[in-house]
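The values are calculated or read from the model by the stated rules, or taken from the named source; none is laboratory data. None of the values given here were measured: they were computed from a predicted structure. Here the Cβ positions follow ideal geometry from the backbone for every residue, glycine too, while neighbour counts run over all protein chains shown. Only protein heavy atoms, including side chains, enter the accessible area calculation; ligands, DNA and RNA are left aside. Shrake-Rupley method; radii C 1.70, N 1.55, O 1.52, S 1.80 Å.
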Amino acid sequence: MNTAIEVTLFIIAVIGVIALGIWKSKDGEDDGSEKGASNYFLAGRGLTWWLVGFSLIAANISTEQFVGMSGQSADWLGMAIASYEWMAAVTLVGVAFWFLPKFLKAGIYTIPEFLQYRFDGTARMVMALFTIVTLVFVTTASVIYSGAKFVSEYYQDVPFINNLTTMCWGIAILAAVYVFIGGLKACAWTDLIWGAALILGGAIVMWFAFQTLENTPPEELIKTKVENSEATIADLEQAGAYERLVLLNDGKDGEAVARNGDNLSGGKMHMVRPKEDTDIPWTALLIGLWIPNFFYWGLNQYIVQRTLGSKSLAEGQKGIVFAAGLKLLIPFLVVIPGILAFNLFSSDLHQSAVKANDSGLAKIESNQVVKVDPDYAKLQIDQLPKIIAINSKHAGMSAAEANAQMTADFKKEHPDVMEIPVPSAAETINYLADSATNSSDGKVTVGPTLSGYDYDAAFPVLVRNLVKPHPYISWFVLAALCGAVISSLASMLNSASTIATMDFYARFKKSSDSHQLVRVGRIFVVIFVILAAIIAPKLDDFKSIFKYIQEFQGFLSPGILAVFIFGFFSPRTPRWFGVVGILTNVVAYGALKWGLGTWIASQGLWYASEMAFLDRMAICFILVIVIGILITLIKPMTKPVELPENQEICLEGSKGAKVAGGIVILLTIALYAMFW
């Protein structure tokens, strides 16, 4: 009965909001003029600040965050993953006053179009192609996956809905129908509702999580305490909800400092991680993390498209700063609940991993080896002999021989260390896997990587266990999350189709017919959603969906950001630098990811045993900047570039937005100080 009530209210809410968006998208529909394309792709350039602000948040905060980011916070990263949100607040202020004025002044439809005016058509085509590939095969596919992951985890006992692949196709089709009809204007109006609902829904889940934490027996909670916390069962018995969170993850007096290692090896309430951290070392806060932030919020088509549709520069700036303020709230609704998910329901996360591990082992091919994480080796001991046998067969050595070789390697690297550590089961299995792949000339490949916990299930598990028993509340949370998925997908598909239509079709066909451009845009929507839906279920093999997205952005974001910096602030940089900068980054990042970075670390030329992807981004960014400076000094343009000017929009900035932006920056600094 409860499920029937929940599903009925959920369906009414989702369909009702989508219908509202489509209805509002028909307001002021074109009369055969060029406004048809403008309405479909840029909402008629008439979005007010509150629509821009909520639309930015709803487009950004989808299950990518609620599944991926909460999953990483449940693991060892903890609060450190919040840097993506709090640094984004500062980034947005910069975008409002540095990037947006130049884009609106040029009157562009797409971000690659700016490169045509500042650099050349080749740079525009290269960026457009890479952007479409990233949008379709990385961003859109990952949001489809994370949305399907949430729904299938939530309804584990409902046939069809509990199937990941089925839900991937269902969500993809829903989003495609929505954007096919309404375009960006429909997205903006539904985003207004979903954005507000997401924040309220996240607050509801957090409230339930803290209530449950306060009432959970300390004997259960102590099992999820980080290793360097001195908290005891007695301490937990006397503590309230928030104090329990701190005791488990930061210690009695903050003694649980962040450590490099697996989950629970160190404190999880810190923004600053050791420099050896493989995901967010503190060095990444200096340069590396700013690159994906500025690229995402300032140069990412599906985000920036909302600001390009602003009624005026002032409205756009107010909307962006409003979104920046909302970003400060997100870690409290996503990151902290992720930490709580492990404290409350680590056994559920393990059971979800068991299901995924069994599926992975069932699909293993004859030429594949298996890797495991340390938690898998501790929690699924009965499976270890089978996995060791598989890897030993391909490596041509036994587990004992592998351990002996690892011990010998350790002695060679650390001749002064007297106590030689005994290799763990996970280390033995992974050493055998590496030996097999390194000696097989590509004939042996790595199959599934098995985990002790399914961290991407953290938020779905919270919602299922805490909110689902309350059908008159759960429908709202479910509708907000699923609506955000549909809205984000619609926005991504609209943006990909905008680029394909305006940067490729309209340019090469020389077509300016408004209705034809909209028809072509809709065809691209169908093509792109099919491709993304095919890829989406395969992402279940990735350990972290959030890391997957950020890692692959590295091929695109550092080079494009560097090129745009020269485009904005260096009018004499040669036009051909645009394509040189973008392609240099692709080659450099690929080299660092697939060989050079590993070699540098192995030679002791890096400060850690491996190079974090954010550090790879920083290196590539600096490389492109240096090349740009040298090119500009050696061969500057004789005449500075003059960009086109859009006369149809008011380009007067907002003084109030500047004041609000300053307040957002000060609040961000305060939050970092609080969780340092």
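Observations
- Picking from residues in the range 278-317 that are within 17 Å of the chain's Cα centre (by Cα) and small (Gly, Ala, Ser), the one that is modelled with the highest pLDDT is Gly298.
- First in the range 425-442 and acidic (Asp, Glu), second anywhere and open to solvent by 10 Å² or more (accessible area, probe 1.4 Å), Cβ under 6 Å, 6 or more apart: none
- Residue match in the range 258-277 (condition: under 19 Å from the mean Cα position of the chain (by Cα), open to solvent by 10 Å² or more (accessible area, probe 1.4 Å) and modelled with pLDDT under 90): no
- Residues of the range 407-432 that turn out to be crowded, with 17+ Cβ neighbours inside 10 Å and of a type outside the set (Asp, Glu), as a count: 8
- Only one of Ser435, Ser474 that is among the polar types (S, T, N, Q), buried (at least 23 other Cβ atoms within 10 Å of the Cβ) and part of a helix (DSSP H, G or I): Ser474
- The test for being more than 30 Å from Cys187 (Cβ to Cβ), buried (at least 18 other Cβ atoms within 10 Å of the Cβ) and at pLDDT below 90 does not hold for Gly554.
- Among the residues making up the range 190-207, those that are more than 11 Å from Val477 (Cα to Cα) and open to solvent by 30 Å² or more (accessible area, probe 1.4 Å) are Leu192, Ile193, Ala196, Met206, Trp207.
- Residues located in the range 278-301, provided they are open to solvent by less than 30 Å² (accessible area, probe 1.4 Å), in contact with an Asp or Glu (Cβ under 8 Å, 6 or more places away or on another chain) and not in a helix (DSSP H, G or I): Pro281, Gly288
- Among (1) aliphatic (A, V, I, L, M); (2) part of a loop (DSSP other than H, G, I, E, B); (3) open to solvent by less than 50 Å² (accessible area, probe 1.4 Å); (4) within 27 Å of Leu556 (Cβ to Cβ), the one test that Ile649 misses: (4)
- Residue in the range 117-132 that is acidic (Asp, Glu), out of contact with any strand residue (DSSP E or B) (no Cβ under 8 Å at 6 or more places or on another chain), more than 26 Å from Ile171 (Cβ to Cβ) and part of a helix (DSSP H, G or I) present: no
- Count - residues of the range 444-471 that are open to solvent by 10 Å² or more (accessible area, probe 1.4 Å), within 30 Å of Asp373 (Cβ to Cβ) and more than 18 Å from the chain's Cα centre (by Cα): 12
- Some residue of the range 601-612 being within 24 Å of Leu100 (Cα to Cα), open to solvent by less than 70 Å² (accessible area, probe 1.4 Å), in contact with a Lys or Arg (Cβ under 8 Å, 6 or more places away or on another chain) and in a loop (DSSP other than H, G, I, E, B): no
- Assessment of the range 597-617 against the conditions (in contact (Cβ under 8 Å) with a residue 24 or more places away in the chain and more than 29 Å from Asn438 (Cα to Cα)) yields no matching residue.
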